[in-house]
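See below for the structure under consideration.
The values are calculated or read from the model by the stated rules, or taken from the named source; none is laboratory data. Because the structure is a prediction, the values reported are computed rather than measured. Positions of Cβ are backbone-derived with ideal geometry, glycine not excepted, and every protein chain shown enters the neighbour counts. Heads up: the accessible areas ignore ligands, DNA and RNA and are worked out on the full protein's heavy atoms, side chains in. Shrake-Rupley method; radii C 1.70, N 1.55, O 1.52, S 1.80 Å.
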Amino acid sequence: MSAAPEAWLPDCGPVPPDPARAALDAALLTAHAMKDRDALIRLYAEAAEISDGTAAAFYLTHAFVFALEAGDPRAPVLRAKLVEIGADIP
């Protein structure tokens with residue numbers, strides 16, 4: 001049996017909360033609850049900007065999908081960013 005993923009990581013203690021990230025997460029939850037697509041597009045794009053790697057691709061993909069569903073003019077720009085970070089193909 002292999003070790004749990006937590007066993008692979010050094011014990012650095014608890015990660016202190018990031019107030020800006022917590023506020024963004026709360027705003028995303030509210031936007032989902034309100035079904036506010038405009039806010040979802042904006043907030044997911046914002047989350048992508050302050051993230052990197054897989055997390056950035058995750059948030060940017062969500063922004064792109066919500067933009068596509070809404071017929072929002074930001075969709076092509078979001079897709080171009082996905083291509084730029086290697087998360088989509090041209």
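Please name all residue pairs, on different chains or six or more residues apart, with Cβ atoms under 8 Å, provided the first residue is in segment 72-90 and is touching a residue at least 24 places away in the same chain (Cβ under 8 Å) and under 14 Å from Ile41 (Cα atoms) and the second residue is surrounded by fewer than 14 Cβ atoms within 10 Å (Cβ to Cβ) and of a type in the set (S, T, N, Q).
none
Out of the residues in segment 34-47 that are under 10 Å from Leu60 (Cβ atoms) and open to solvent by 10 Å² or more (accessible area, probe 1.4 Å), state the one that is farthest from the chain's Cα centre (by Cα). Step through it out loud before you land on a result.
First pass over segment 34-47, keeping only residues under 10 Å from Leu60 (Cβ atoms): 44-45, 47.
From what's left, open to solvent by 10 Å² or more (accessible area, probe 1.4 Å): 44-45.
Values: Tyr44: 5, Ala45: 7 Å.
Per the criteria, the residue is Ala45.
Taking interchain pairs and intrachain pairs at least six residues apart, which have beta carbon atoms under 7 angstrom, with the first residue in segment 37-51 and at negative phi and the second in a helix (DSSP H, G or I) and of a type in the set (Asp, Glu)?
Arg37/Glu69
Any residue that is outside any helix (DSSP H, G or I), open to solvent by less than 50 Å² (accessible area, probe 1.4 Å) and either at pLDDT below 95 or hydrophobic (A, V, I, L, M, F, W, C) (or both) - is there at least one of those in segment 11-18?
Checked against the condition, which is being outside any helix (DSSP H, G or I), open to solvent by less than 50 Å² (accessible area, probe 1.4 Å) and either at pLDDT below 95 or hydrophobic (A, V, I, L, M, F, W, C) (or both), segment 11-18 yields at least one hit.
Exactly one of these conditions fails for Ser51: (1) open to solvent by 90 Å² or more (accessible area, probe 1.4 Å); (2) hydroxyl-bearing (Ser, Thr, Tyr); (3) part of a loop (DSSP other than H, G, I, E, B). Give me its number.
Checking Ser51 against (1) open to solvent by 90 Å² or more (accessible area, probe 1.4 Å); (2) hydroxyl-bearing (Ser, Thr, Tyr); (3) part of a loop (DSSP other than H, G, I, E, B), the one that fails is (1).
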